[in-house]
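*Asks:* Please read through the structure below; I'll follow up with questions.
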Amino acid sequence: MELPQSKAASATESTSSSSRSWKHGKAQHQQQHDPRKWRQPGTGTIKDRVLSRAFSEELESLMNAGNHLFFDPRGQLIHLWSKIFLAACLVSLFVDPLFLYLTGIRQNMCIEFKYSLALTLSMIRSILDVFYVVHILFRFRTAFIAPSSRVFGRGELVIQPCKIARRYLTRSFWFDLITALPLPQFVIWIVTPSLNESATGNRKNILRFSIIFQYLPRLFQIFPLSRQIVMATGVMTETAWAGAAYNLVLYMLASHVLGALWYLFSVQRQETCWREACHVRGPPCQTHFFDCKTVSSNRTIWNELSNIANLCTPSNGFYPFGIYAEALDSRLTSSSFTQKYFYCFWWGLKNLSCLGQNLSTSLFIGEITFAIVIGVLGLVLFGLLIGNMQSYLQATMVRLEEWRTKRTDMERWMNHRQIPQPLKQCVRRFHQYKWVATRGVDEEALLEDLPMDIRREIKRHLCLDLVRRVRARLTHRHWARPARAARVHGPR
């Protein structure tokens, strides 16, 4: 009796051991063939390798699930941010030249620095600098299309942070960093106070150089940004009027910059005249009196003895002021900021539009070069403005002109074929009704370019109102038929 029990026990043990070995083998097999655990040499897990790339739809689902915070360069969020950042760049390009108005001339005796205006501009500039910093952060989290995957249509997006950062650092990071630095604020509030009184000229030159040095990268940054918006949507703006206004803003920006530079050069020319007159005649030259921060009771006495204020006027003829004589004759350099800005803006717009033809320059090479730049820049920008605005405005009237052309051709054809007058009226009414219904848009051609499901939904939407009208008429007939029968046959 013990033999069968021992056999049964041994069979049970063998069965359990085989079951355990089978489960262990299955688990080992699953572990070996689990795609989340399988590794390749030097590539990490397949999961890691798959998550290093994704298509746009997969990236959107990952972002909705909260697993990854990467942005599709062709997505709506990046497109919206590009437009916001472009607007911030344009505002920044208008603000930066205002720093050139910080210097002015007080009573034709010394050059003063407007610290109240500098504080206001520094606050506005700091707010705009935040957009440049946020743009850099966006670039570090924006995926890029793998070059090897472009054969798949739209291509796969690389979403590995290290690869995105490496690609950005080796391309345009340093350019974006230069545009984001608060250089004018740093020069005004940190560098300038540390300089001694004898470095007045160097102080102004450092500020001017920092503004112009950073303005050029910020100006060049809007062109690839505009091209990126066009590549993403096919158009720069949603409407033709907005496109025309955008080109007009660029033209006004050029006028604004030229006016600010003209004011800056006018102040510099006045100071140059003072220094030359100081060295030519009068008592020993006291150049520190040219800075209004220098407080001294001898300033007025020295100014009267040197006669610099009377010598350095355009009407005196002592110094050739050239195209800057207008600013000094009108006492523009001693006016308020509002008067300076609008007068200089008008000067830039006027000379940019007339290509600098009214400018009478002196023999200074820098002044002649500035006049040449105004003429060439005005010629190029005015041509681009007229061409672009004509293209944008024609886009609003192109369908109306096509409809008028078709109507004229139809009238000529009907007259040539001697179509009867009643039939002509029918054709005219048909074209009129078609224009009112479609506004010149070929709906059939538009629907043919859409996928079948979207086309079906659009047709269902367009025909839904007609179906409702038919149902209403059928319901009305259903209830009206017994009433008419009752009126015809009368009560029985």
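Where a number appears in this text, it was derived from the coordinates with a stated rule and is not lab data. None of these values were measured; they are calculated from a predicted model. Positions of Cβ are backbone-derived with ideal geometry, glycine not excepted, and every protein chain shown enters the neighbour counts.
*Asks:* What residues have an amide H closer than 5 Å to that of Asp291, excluding those fewer than 5 places away on the same chain, when H is modeled at 1.01 Å from N in the peptide plane?
*Replies:* For Asp291, whose amide H was placed from the backbone, the distant partners under 5 Å are Ile111.
*Asks:* Using a simple spin-label model with points 7 Å from Cα along the Cα→Cβ vector, what separation in nm is obtained for Arg74 and Val91?
*Replies:* Here the answer is 3.2 nm between the modelled labels.
*Asks:* Show me the trypsin sites (Lys or Arg not before Pro) within region 296-379 that DSSP assigns to loop and that have at most 15 other Cβ atoms within 10 Å of their Cβ.
*Replies:* Arg331
*Asks:* Regarding region 396-441, what is the average projected area of its C-alpha convex hull, in nm²?
*Replies:* Reported value for the Cα convex hull: 3.1 nm².
*Asks:* Go through region 124-135 residue by residue and turn each phi into a ³J(HN,Hα) via Karplus (6.51, -1.76, 1.60, θ = phi - 60°); whole Hz please, and just put x for glycine and proline.
*Replies:* Computed from phi, the couplings for region 124-135 are 5, 5, 5, 5, 5, 5, 4, 5, 5, 5, 5, 4 Hz.
*Asks:* Ranking Leu225, Leu332 by Cβ neighbours within 10 Å, fewest first, what do you get?
*Replies:* Leu225, Leu332
*Asks:* Take Gln425 and Thr338, extend 7 Å from each Cα along the Cα→Cβ direction, and tell me the distance between the two endpoints in nm.
*Replies:* Each label point lies 7 Å from its Cα, and together they span 6.5 nm.
*Asks:* Given a Förster distance of 22 Å, report the FRET efficiency between Asp329 and Leu119 from their Cβ-Cβ distance, rounded to the nearest 0.05.
*Replies:* Values: r = 31 Å, r/R0 = 1.41.
Efficiency computed from Cβ-Cβ geometry: 0.10.
*Asks:* Checking the table Lys204/Lys293; Lys114/Lys293; Lys83/Lys350; Lys83/Lys163; Lys406/Lys459 against a 19 Å threshold on Cα-Cα, which pairs fail? Walk me through the numbers before you get to the answer.
*Replies:* Working: Lys204/Lys293 13 Å; Lys114/Lys293 11 Å; Lys83/Lys350 30 Å; Lys83/Lys163 26 Å; Lys406/Lys459 27 Å.
From Lys204/Lys293; Lys114/Lys293; Lys83/Lys350; Lys83/Lys163; Lys406/Lys459, over 19 Å: Lys83/Lys350; Lys83/Lys163; Lys406/Lys459.
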